[in-house]
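K.L.:
Sharing a structure below in C-alpha cells format, with a few things to ask.
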Amino acid sequence: MRLKRLAHPLAKAKRKGGKFTVRPRGPHPLERSIALATLLRDYLGFVEKYKEARKVIRQGKILVDGRIIKDHRFGVGVFDVVEIPDMNKFYRILPAGKRLVIKEISEKEKNLKLCKIIGKRAVKGGKIQYNLHDGRNILGENTFNTQDSLLIEVPSQKIVEHIPLKEGVLCLAYAGKNAGKMGKVVKIERGWRLNRVQIDTEEGLFWVPFENIIPVGTTQPTITL
C-alpha cells in the first residue's frame, strides 16, 4: 500500500522521487514512524531505489532492536535502534519537532533502548504486565508506574535501569509541538482533566502533557540523544 508524501508529515522534510512513499506499519503511530525502505533510501541514502531497499531488507541485512526485519514496510519510531551489520552502522530514531531524525550511535549502545511505560495490568501468577510505548510487553513485579521509563537490553528485554517520572529528572518531549526538547522536571500537576509536567530547558519553561513526555535520566541521559 502506498501513501501520498503530503499525507505523511515525516515525508515533507525529505521529498525525493515521485508522488508516493511507502506507508509504514507496525507498533508506532503512522504519524511518528518511517518505513524501513524509506529510511534506507531517503534518510540514509544507502540505496537509490525502493526496489534496491526491498532487496536488502528481504535478505535479512537490517536489524531493528536486535531482530532481523524482512518487511520493507515495517515502521521504525522513537528510540528504535536500526543496525546494518554489513556496514557496522548503528542508528537511533529520535524526535525533532514534527519530524523524526536519525542519530548514529556507537556499537556499545546498539542493544540499549529506552521505553516508556504507558500501561500496566495484573496477569496470572501474580506478575504485572507492563505495556511500553513501542508495543512490547514486559513481565515483572509491581515496582514501576505508568509514565516511568525503563532502559532495557534488546532483544532480550532485560531491564537495566528504571527511571521514575518525578521532579528533578531529565525528560524528553517525544511527541507534540515541543518534540525533541529536553530538560529537567520542575513541577508535576495531576488533575481530573489533564496531567502534565513543567520542563526547564535552555529555551525556558514549558508544560507538556504526560502522554508526550518520557524520563531519560537523572543527571544526564542514559543513552545518546
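Read the figures in this text as sums done on the coordinates, not as results from a lab. Model, not experiment: these values are computed from the prediction. Here Cβ is always computed from backbone atoms with ideal geometry, including for glycine, and neighbour counts include all displayed protein chains.
K.L.:
Which of ILE199, GLY217, PRO85 sits farthest toward the positive end of the charge dipole of the chain, with +1 on the Cβ of Lys and Arg and -1 on the Cβ of Asp and Glu?
P.N.:
PRO85
K.L.:
Going by C-beta contacts inside 10 Å, put ASP71, ASP42 in order with the fewest on the left. All intermediate terms of the calculation are to be shown ahead of the outcome.
P.N.:
Details: ASP71 17, ASP42 23.
Final ranking by Cβ density, sparse to dense: ASP71, ASP42.
K.L.:
Taking one equal scatterer on every alpha-carbon of region 170-217, how large is log10 of I(q)/I(0) by Debye at q = 0.17, 0.26, 0.27 1/Å?
P.N.:
Per q value, in the given order, log10 I(q)/I(0) is -0.40, -0.92, -0.99.
K.L.:
Relative to the Cα centre, what is the charge dipole magnitude of the chain, using +1 at the beta carbon of each Lys and Arg, -1 at the beta carbon of each Asp and Glu, and rounding to the nearest 20 debye? Walk me through the intermediate numbers first.
P.N.:
Working: 44 positive and 23 negative charges, 271 e Å.
Here the chain has a charge dipole of around 1300 debye.
K.L.:
Report the far tail of the P(r) of the chain, meaning the percent of Cα-Cα pairs longer than 29 Å. Can you show the working numbers first?
P.N.:
Values: 7325 of 25200 pairs.
Value for the chain (Cα pairs over 29 Å): 29 percent.
K.L.:
To continue, here is another question. Can you give me the long-range amide H partners of VAL160? Hydrogens built in the peptide plane at 1.01 Å from N, cutoff under 5 Å, separation of 5 or more residues or another chain.
P.N.:
LEU151, ILE152, GLU153
K.L.:
Among the listed pairs LYS61/LYS103; LYS113/LYS166; LYS61/LYS110; LYS55/LYS89; LYS89/LYS181; LYS108/LYS187, which are separated by more than 23 Å between their Cα atoms?
P.N.:
LYS89/LYS181; LYS108/LYS187
K.L.:
HN-Hα J couplings of region 131-138 from phi, Karplus 6.51/-1.76/1.60, θ = phi - 60°, integer Hz, Gly and Pro as x?
P.N.:
For region 131-138, the Karplus curve yields 9, 9, 5, 9, x, 7, 10, 10 Hz.
K.L.:
Separation of region 72-136 and region 146-225 by C-alpha centroid, Å?
P.N.:
That distance is 15 Å.
K.L.:
Under the Karplus relation 6.51 cos²θ - 1.76 cosθ + 1.60, θ = phi - 60°, what is the ordered set of whole-Hz ³J(HN,Hα) values for region 68-77, x standing for Gly and Pro?
P.N.:
With coefficients 6.51, -1.76 and 1.60, one gets 5, 10, 10, 9, 5, 8, 4, x, 8, x Hz.
K.L.:
Which value in nm describes the separation of the simple spin-label points at LYS166 and LYS127, placed 7 Å from the Cα toward the beta carbon?
P.N.:
Roughly 2.7 nm, to one decimal.
K.L.:
Using each residue's phi in region 197-203, evaluate 6.51 cos²θ - 1.76 cosθ + 1.60 at θ = phi - 60° and report the 3J(HN,Hα) Karplus result to the nearest Hz, with x for Gly and Pro.
P.N.:
Using θ = phi - 60°, the values come out as 10, 9, 10, 9, 10, 5, 8 Hz.
K.L.:
Give me, ordered by chain and number, the residues 5 or more places off ILE62 or on other chains with an amide H under 5 Å from its own placed amide H.
P.N.:
ILE69
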